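A short write-up of the structure that comes next.
The values are calculated or read from the model by the stated rules, or taken from the named source; none is laboratory data. Computed from a predicted structure; not experimentally measured. All Cβ positions, glycine included, derive from the backbone under ideal geometry; neighbour counts span all protein chains shown. Side chains included, ligands, DNA and RNA excluded: accessible areas come from the protein's heavy atoms. Shrake-Rupley method; radii C 1.70, N 1.55, O 1.52, S 1.80 Å.
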Amino acid sequence: MLELNNTGLIVVDIQGKLARLVHESNLLISNCEKLVKGAKTLNLPIIVLEQNPEKLGSTVTELSCHLDEYPPITKFSFDACQATEFINKINNTKIENWLICGIEAHICVYQTATSLIKAGLNVQLVIDCIASRSLTNKNLAIEKLKNCGSEMTSLEMCLYELVKNCRAKEFKEILNIIK
């Protein structure tokens, strides 16, 4: 079970034109926006990644407007674990459970999640908050990550798992985000 004091969110490369080209892009962006808002409501640490933003563009406005206090980490390797700044941030948080959302599922999400699992961290792939240009590649990434030890969750499942109780002070705000 996810716990508030030991869970963070990694937002992988939801940027530029590519964010508009992935399968069901509008749904992906909407779900990721809800996930970011929920993570902020629950005071989770958030790490934002951008792949070569000079070429691909920055994080889409729908998300970046909620992430002012989380400057993105620029990376050039598909696996964010190859970026020293990312690894330092992961190590400094002392968080063991990481929710992952982003694009592309079969490239940057897959490689980053695999390296985090190899490093001994727990990864939960938020499956309705990841995408690839093709559904086939998204599904392949999910299957391979299951085999690597990643757990699967969804936007609603992880937020309600973290809030735990309808009497929690964050419950009403989470409910309004999900609606």
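Taking only Cα atoms and a 10 Å spring cutoff, compute GNM fluctuations for the chain and point out the largest among Tyr160, Tyr110, Tyr70.
Tyr70
Can you pull out the GluC sites (Glu not before Pro) in region 1-84 that DSSP calls coil and that have at most 10 other Cβ atoms within 10 Å?
Glu69
Lysines near Lys17 by alpha-carbon distance under 20 Å, same-chain residues fewer than 8 away left out - which ones?
Cross-link targets: Lys55, Lys75, Lys138.
Given H placed on each backbone N at 1.01 Å, which residues far from Val48 in sequence or on other chains put an amide H within less than 5 Å of it?
Here the answer is Val11, Ile73, since their amide H atoms fall under 5 Å of that of Val48.
Return the aspartates and glutamates within reach of Lys144: Cα separation strictly under 19 angstrom, same-chain partners fewer than 8 residues apart disregarded; answer none if there are no such residues.
Asp79, Glu104, Asp128
Solvent-accessible area per residue for the chain at a 1.4 Å probe radius, Å²?
The answer is 49 Å² per residue.
Calculate what fraction, in whole %, of the accessible area of region 65-135 sits on carbon and sulfur atoms when a 1.4 Å probe is rolled over the protein chains.
Taking all protein chains in place, region 65-135 shows 51 percent carbon and sulfur surface.
Expressed in whole Å with the largest first, what are the equivalent ellipsoid semi-axes of region 116-164 derived from the C-alpha gyration tensor as the square root of 5 times each eigenvalue?
Equivalent-ellipsoid dimensions as semi-axes: 19, 16, 7 Å.
Could you go through region 39-48 in sequence order and give the Karplus-derived ³J(HN,Hα) for each residue, using 6.51 cos²θ - 1.76 cosθ + 1.60 with θ = phi - 60°, rounded to whole Hz, and x for Gly and Pro?
Whole-Hz 3J(HN,Hα) from phi for region 39-48: 4, 5, 4, 8, 6, 7, x, 10, 10, 10.
Summing Lys, Arg as +1 and Asp, Glu as -1, what charge do residues with Cβ under 15 Å from the Cβ of Asn165 carry, Asn165 excluded?
0
For region 37-122, what is the charge dipole size about the Cα centre, in debye to the nearest 20, if Lys and Arg each add +1 at the Cβ and Asp and Glu each add -1 at the Cβ?
220 debye
Under 25 Å from the Cα of Lys179, which lysines turn up, not counting those fewer than eight places away in the same chain?
Those lysines meeting the cut-off are Lys34, Lys37, Lys40, Lys164, Lys169.
About the Cα centre of the chain, what is the dipole size in debye to 20, counting +1 per Lys and Arg Cβ and -1 per Asp and Glu Cβ, all else neutral?
160 debye
Taking the dipole about the Cα centre of region 84-179, with the C-beta of Lys and Arg at +1 and of Asp and Glu at -1, give me whichever of Gly120, Ile103, Leu159 is farthest to the positive side.
The residue sitting farthest along the positive end of the dipole is Leu159.
Running a GNM on the chain with Cα contacts under 10 Å, which residue among Leu99, Leu135, Leu116 ends up with the highest mean-square fluctuation?
Looking only at Leu99, Leu135, Leu116, the biggest GNM fluctuation is shown by Leu135.
Along the three principal axes, how long is the chain when you take its alpha carbons, biggest first, rounded to the nearest angstrom?
So the three principal-axis extents are 45, 33, 32 Å.
Of Thr112, Thr84, Thr59, which is the most mobile in a GNM of the chain whose springs link Cα atoms less than 10 angstrom apart?
Thr84
Which value in deg cm²/dmol, rounded to the nearest 500, describes the helix-derived mean residue ellipticity at 222 nm for the chain, given -39,500 (n - 2.57) per DSSP H run of n ≥ 4 and division by the residue count?
It lands at -12500 deg cm²/dmol.
Grab the Cα-Cα distance for Lys94 and Ala119, subtract it from 0.36 nm times how many residues apart they are, and report the gain in nm with one decimal.
Here the segment from Lys94 to Ala119 would lengthen by 7.7 nm.
For region 71-136, which trypsin sites (Lys or Arg not before Pro) are in a loop by DSSP, counting at most 13 other Cβ atoms within 10 Å?
Answer by residue number: Lys94.
Post the alpha-carbon centroid distance, region 64-120 to region 1-20, in whole angstrom.
Between the Cα centres of region 64-120 and region 1-20 lies a distance of 8 Å.
Please state, to two decimals, what the Cα-based radius of gyration of region 7-61 comes to when divided by 2.2 N^0.38 Å (N = residues).
That ratio works out to 1.15.
In whole percent, what relative contact order does region 1-148 give with Cα contacts below 8 Å and a gap of six or more residues?
Relative CO of region 1-148 lands at 30 percent.
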